[in-house]
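The structure appears right after this line, and notes come after that.
The values are calculated or read from the model by the stated rules, or taken from the named source; none is laboratory data. Just so you know, these numbers come straight off a predicted model, no measurement behind them. Glycine also receives a Cβ, built like all others from the backbone with ideal geometry; neighbour counts cover every protein chain displayed. With ligands, DNA and RNA removed, areas are computed over all heavy atoms of the protein, side chains included. Shrake-Rupley method; radii C 1.70, N 1.55, O 1.52, S 1.80 Å.
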Amino acid sequence: MSSENLPTFTPTREFRYTSSPNPGWTYGQSVESTPEGRAWVEGEKAGWTIVDTAKEGLGRVYSIMISGIVPRPVAFVSSISADGIENLAPFSWFNQVTHNPPLISFACSHNSGAAKDTIRNVHAGTGFTVNIISEPWVENSNITSTDAPFEVSEWPISGLTKAPSVHVKAPRVKESAFSMECELYKAIEIRDPKTDIVTSTLVLGLVKFIHMRNDIIDDRGVADPGKLKPIARMGGLTYAKVSEGFVLPRRPWKEVSEELKEKLENAGDNTK
């Protein structure tokens, strides 16, 4: 897709809260109770495509999965080898795992059976940092996805700035307003069930220190999404920005059980 014919990017100025898609929804109400819901359900008339992952080509499975599992946060990982060679690389197979202990995860696929630079560095025990990418410097981070040789650092081509870490040898990305210093908690080799060949490594990182730039912190002491301006990965080579959201409260069962009692007693089988 050529950027020449696309509208100019509009930077996020603030994170805007809206109402939820169906604020009048009540317990047991079907999706088809709103015009948007009816239109969504109507789409099923087009039928289904069923993909047998055991028979489909790996490239096709990859393309399908990254198009449907969206949006995905991006871990911009800074690592360093035992010999001091520094590496930068983005990973969109990334998320938090638990808060106790504070763990994050990212998965790194192996090319032609060989582990990527980041995995080698993680195993070196030098620690690594995970830096959240923001809109103003997404191009800087994207260039580091190039397949540079192991002995070549991506820092110079990125135009980004190294910032010292408190606990690990790997530097932080100074331009990142939210960074985490991590130690290797566990590395899990993912093997092809048929060939037993290692195809990916799932890294669990123990978060030792979190760096938050003061100008992105809200009055609750946490990151404000409108100020952090995080980017997300979609399918193919597509990125997305995050500029709107809505709040859906979680009501405890004790509070709503009486309201639900009659509906539960009269409920039928909703499986179709």
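In segment 58-75, how many residues are in contact with a Lys or Arg (Cβ under 6 Å, 6 or more places away or on another chain) and either free of Cβ contacts under 8 Å to residues at least 24 places away in the same chain or not aliphatic (A, V, I, L, M) (or both)? Before you say what the answer is, go through the steps one by one.
First, pick out the residues of segment 58-75 that are in contact with a Lys or Arg (Cβ under 6 Å, 6 or more places away or on another chain): 72, 74.
Now drop any that are not either free of Cβ contacts under 8 Å to residues at least 24 places away in the same chain or not aliphatic (A, V, I, L, M) (or both), which leaves 72.
Qualifying residue count, segment 58-75: 1.
Could you list, in sequence order, all residues of segment 88-132 that are more than 15 Å from residue 181 (Cβ to Cβ) and touching a Pro at 6+ places or on another chain (Cβ under 7 Å)?
Scanning segment 88-132 gives 94, 95.
Quick one: is residue 231 closer than 27 Å to residue 9 by Cβ, buried (at least 18 other Cβ atoms within 10 Å of the Cβ), among the aliphatic types (A, V, I, L, M) and at pLDDT 95 or above? Give the derivation first.
On the way: closer than 27 Å to residue 9 by Cβ: yes; buried (at least 18 other Cβ atoms within 10 Å of the Cβ): yes; among the aliphatic types (A, V, I, L, M): yes; at pLDDT 95 or above: yes.
It is true that residue 231 is closer than 27 Å to residue 9 by Cβ, buried (at least 18 other Cβ atoms within 10 Å of the Cβ), among the aliphatic types (A, V, I, L, M) and at pLDDT 95 or above.
Tell me, please, whether a residue that is more than 21 Å from residue 239 (Cα to Cα), modelled with pLDDT of 95 or more and within 18 Å of the chain's Cα centre (by Cα) can be found in segment 127-144.
Of all residues in segment 127-144, those more than 21 Å from residue 239 (Cα to Cα) come to 127-129.
Narrowing further to those that are modelled with pLDDT of 95 or more: 127-129.
Next, from what is left, pick out any that are within 18 Å of the chain's Cα centre (by Cα): 128-129.
Yes.
Kindly provide the set of residues from segment 244-265 that are outside any loop (DSSP other than H, G, I, E, B) and surrounded by fewer than 10 Cβ atoms within 10 Å (Cβ to Cβ), ordered by number.
253, 254, 255, 258, 265
Looking at 67, 81, 105, 109 in this structure, which one is of a type in the set (S, T, N, Q), surrounded by 13 or more Cβ atoms within 10 Å (Cβ to Cβ) and at pLDDT 95 or above?
105
Restricting attention to segment 159-189, report how many residues are open to solvent by less than 30 Å² (accessible area, probe 1.4 Å), of a type in the set (A, V, I, L, M, F, W, C) and out of contact with any Gly (no Cβ under 9 Å at 6 or more places or on another chain).
Of the residues in segment 159-189, 4 are open to solvent by less than 30 Å² (accessible area, probe 1.4 Å), of a type in the set (A, V, I, L, M, F, W, C) and out of contact with any Gly (no Cβ under 9 Å at 6 or more places or on another chain).
Give the residue, chosen from 28, 37, 43, that is assigned to a loop (DSSP other than H, G, I, E, B) and open to solvent by less than 80 Å² (accessible area, probe 1.4 Å). It would help to see each step written out before you state the result.
Working: 37 fails: assigned to a loop (DSSP other than H, G, I, E, B); 43 fails: assigned to a loop (DSSP other than H, G, I, E, B).
On inspection, the qualifying residue turns out to be 28.
With in contact with a helix residue (DSSP H, G or I) (Cβ under 7 Å, 6 or more places away or on another chain) and aliphatic (A, V, I, L, M) as the only criterion, which of 170, 187, 163, 232 stands out?
One residue alone meets the criteria, 187.
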